Structures are given as C-alpha cells and as structure tokens.
Amino acid sequence: PVVKKMLFALNTLAQKLRQKRLKLGFDFAGDESVMELDNNLELKDLKIESQTLSHQMVEECMLLANIQSAKLQSAKTTQNDMQLKLGIYRTHGEPRAESIQDLFTELRLLGVWNLKTIPKDSKALHRAIAMIQTALKGTHLAQEVDKLIIRAMQQAAYSSHNIGHFGLGFQEYSHFTSPIRRYS
C-alpha cells in the first residue's frame, strides 16, 4: 500500500511534468518493437509494445535527472567564464528552413496542412506541429506524419557547447541516465 500510494503520486507528478514539457517540446510516443531470439540467435517472435503510464513515469524522471545534470555541469564550469562549458550536453538544433518547407509541402499533399504559410519561428512551428498531431491522434496517419516530422528535424548530437535541445524544448540537457532504462 505504501508503494502504491507513492506510485500514484509519482504518476500525478509525471503527468504534470509531461504537460509542462510539451508546451515547448514535441511528443512522439511511438510503439517499440521487442524481438525475441531463439537459442541460435534467430528471430523467434516480434512484438509491438505500446507506451504505458509506467513508461511515462520513468521517462519523466529520467528527463528531470538529465536536465539537473546539465544544469550542474553549467553551474560548475561557468563560474568564472560564461562561455566555458566543460560538460557533455545532448544538443538538438532547430530544423533547417528547407526541411520545414519540405515537411509542410508533404503535409499539404497529405491534406493535413491546408495553409499556404509555413511557421517561421520555433514557437509557431511547435504550435503548428502540436495542432497537427492532436488532429491526427488515433488515426492511421498519426505515426506516418510523426515520421515525417522527425525526418525534418536535425539529428541530435553530443557537444561540450550547449545550444539546448529543440525537440525536447529544454535549454540544458545531458545524458546522465542510461537509455537501457527501457529494459530494466
């Protein structure tokens, strides 16, 4: 009962953190393929696993740890020089204008975006993409459009110079936690 109470409290907190995060970041909740191999290491089975609330709780906790790690790195390394960044940041730049042009052309061809104008700044881009994702939620097009959106983004990278993480909407972000969290 004690653990159950804590988990419900954590879920409430995680959902609030998620709502706050999605005001600036993107939501690409996709299914994950889980492969099962036989003794000869040949594919025995393939299952599609959907994201659950427990996945979201772990994800939000991981994101918080990574933000705090990046903030700690910045605070420790910029005490005497604001340009000096000695941490390893996970960075993600804004998408290139040509990529956004191509994305919205494809979205128009799919009948998902009917405006001639293309969002120019990052806030307008976020609003437009969030609106499209909301409109398509639960449809067969949702995952395909998410793939198009992801393809239009720049690739995330590791850097000692912090430029923030556009996709997540964070000013500072690192990879303090392990991506293997999904398998524990």
Restricting attention to segment 73-116, the residues that are at pLDDT 85 or above and part of a loop (DSSP other than H, G, I, E, B) number exactly 10
A130 fails exactly one of (1) assigned to a loop (DSSP other than H, G, I, E, B); (2) under 26 Å from S33 (Cα atoms); (3) among the small types (G, A, S), namely (1)
Note on G164: of the conditions (1) more than 21 Å from Q19 (Cα to Cα); (2) modelled with pLDDT of 90 or more; (3) surrounded by 13 or more Cβ atoms within 10 Å (Cβ to Cβ), unmet is (1)
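State the number of residues belonging to segment 138-162 that are touching a Phe, Trp or Tyr at 6+ places or on another chain (Cβ under 8 Å) and part of a loop (DSSP other than H, G, I, E, B).
5
Would you confirm whether or not segment 117-125 contains a residue that is surrounded by 13 or more Cβ atoms within 10 Å (Cβ to Cβ), modelled with pLDDT of 90 or more and assigned to a helix (DSSP H, G or I)? Walk me through how you get there before you give the answer.
From segment 117-125, those surrounded by 13 or more Cβ atoms within 10 Å (Cβ to Cβ) are 118-119, 122, 125; that's our starting set.
Right, trim to modelled with pLDDT of 90 or more and you get 125.
Next, only the ones that are assigned to a helix (DSSP H, G or I) stay: 125.
Yes.
When the residues of segment 2-55 are filtered to those that are assigned to a helix (DSSP H, G or I) and of a type in the set (V, I, T), which remaining residue is farthest from the chain's Cα centre (by Cα)? Step through it out loud before you land on a result.
Going through segment 2-55, the residues assigned to a helix (DSSP H, G or I) turn out to be 2-21, 53-55.
Adding the requirement that they be of a type in the set (V, I, T) leaves 2-3, 12.
Working: V2: 31, V3: 28, T12: 20 Å.
Selected residue: V2.
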*Could we say that A135 is small (G, A, S), in a helix (DSSP H, G or I) and either in contact with an Asp or Glu (Cβ under 7 Å, 6 or more places away or on another chain) or without any contact (Cβ under 8 Å) to a residue 12 or more places away in the chain (or both) here?*
no
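Of the residues I118, I163, only one is closer than 30 Å to N66 by Cβ and aliphatic (A, V, I, L, M); which?
Working: I118 fails: closer than 30 Å to N66 by Cβ.
On inspection, the qualifying residue turns out to be I163.
Considering every residue within segment 127-135, establish whether at least one is among the hydrophobic types (A, V, I, L, M, F, W, C), more than 18 Å from the chain's Cα centre (by Cα) and open to solvent by less than 100 Å² (accessible area, probe 1.4 Å). Talk me through it step by step, then tell me what you get.
Restricting attention to segment 127-135, the residues satisfying the condition of being among the hydrophobic types (A, V, I, L, M, F, W, C) are 128-132, 135.
Of the ones still in play, those that are also more than 18 Å from the chain's Cα centre (by Cα) are 135.
Filter again for open to solvent by less than 100 Å² (accessible area, probe 1.4 Å), leaving 135.
Looking through segment 127-135, at least one residue is among the hydrophobic types (A, V, I, L, M, F, W, C), more than 18 Å from the chain's Cα centre (by Cα) and open to solvent by less than 100 Å² (accessible area, probe 1.4 Å).
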Contact list, first residue from segment 1-12 and at negative phi, second anywhere and open to solvent by 70 Å² or more (accessible area, probe 1.4 Å), beta-carbon distance below 9 Å, six or more apart or interchain, is N11/L53
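The values are calculated or read from the model by the stated rules, or taken from the named source; none is laboratory data. Predicted model only: the values in this text are computed from it and were never measured. Note: ideal-geometry Cβ built from the backbone for every residue, glycine included; neighbour counts use all protein chains shown. Surface accessibility is based on the protein's heavy atoms, side chains included, excluding ligands, DNA and RNA. Shrake-Rupley method; radii C 1.70, N 1.55, O 1.52, S 1.80 Å.
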